[in-house]
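K.L.:
Before anything else, here's the structure in question.
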């Protein structure tokens, strides 16, 4: 006499086959629909990231999970005790969590970087890279088939995203300067990369040499390319020019919105910087005439937390303003990161 339980399980299995088959036939479409859902969730995270910096504390747990799972997953999948049919399921489950954590972290910091970047300057490149990284994290097909299974891509992807996260987190949560932050972020990104990247050989000397080479390249890239990184979370609130300045009220008056050709003028520039409470940074004004540097002010200690922003003013005297002159005022950190800029142009 047949067992009733086995008969029920067999009938349930047979009844589920059409549904399972439907999922297999449409899995590509379903994954793309999930990517669309992840994009909508990412937009919500961008809204949150533009308003609540404090949630960055949670991100450290997300990135820690991604690192540990990426580090130990290959060892787990290679265990002989793990049934072969369970390996892809475990991989899929870990990928699901890692993708969601990447999405939340990257879309959260994206508006912070965008607010600190200057349109038309080189630091917008880093914002584009963070946006591209966030987009890759929501594309399930690309992440599951390439980023999660190729160890070199896994290491590069993780290292870049770790740098982007830590570079925002340290100034916001621990009030570290941007120059020091980029160096700490680079060091942690190096550790993340080397722990996930497959070793070039079993030779210890070659592995050490490879690590030193990557360290030198990364340090050089960060130190020489710091101007490509927005000084998040610093951002320019306002910039004004004027022919007079009231030190008591820190007001520009009268304001100048256009330069008169063939005139002589002492021009004042006033900028306001928004920064989190407790954040300290050294900043300066750099004046340019037709793209040529004509004056760089000393560095001034900026302290964040002021509602109206930290105000910095400098002045430069023009003996004669030639027709068509383009004047630019850049606000930079001590490390050479552009916070914002403003400009004026003389008529012809």
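Just so you know, all these numbers are worked out from the coordinates, no wet-lab data involved. These figures come from a predicted structure and were not determined experimentally. Cβ: placed from backbone, ideal geometry, glycine included. Neighbour counts: every protein chain shown.
K.L.:
Starting from the Cα-Cα distance between residue 76 and residue 58, subtract it from 0.36 nm times their residue separation and give me the gain in nm to one decimal.
P.N.:
Details: separation 18, 0.36 × 18 = 6.48 nm, distance 2.65 nm.
The residue 76-residue 58 span can extend by a further 3.8 nm.
K.L.:
Distance between the C-alpha centers of region 118-160 and region 291-348? Whole Å please.
P.N.:
For region 118-160 versus region 291-348, the Cα centre distance is 34 Å.
K.L.:
Suppose each label sits 7 Å from its Cα in the direction of the beta carbon; what would the residue 86-residue 214 distance come out to in nanometres?
P.N.:
Each label point is offset 7 Å from its Cα along the Cβ direction, giving 3.1 nm.
K.L.:
Ok, one more. If you count, for each residue, the other Cβ atoms within 10 Å and average over each peptide, how do 259-272, 232-245, 153-166 line up from highest to lowest?
P.N.:
On the way: 259-272: 16.9, 232-245: 18.9, 153-166: 21.6.
With the highest mean Cβ count within 10 Å placed first, the list reads 153-166, 232-245, 259-272.
K.L.:
Which peptide among 58-71, 85-98, 167-180 comes first, and what is the full order, when sorted by highest mean count of other Cβ atoms within 10 Å?
P.N.:
Details: 58-71: 15.8, 85-98: 13.7, 167-180: 20.0.
Answer by packing, highest mean first, reads 167-180, 58-71, 85-98.
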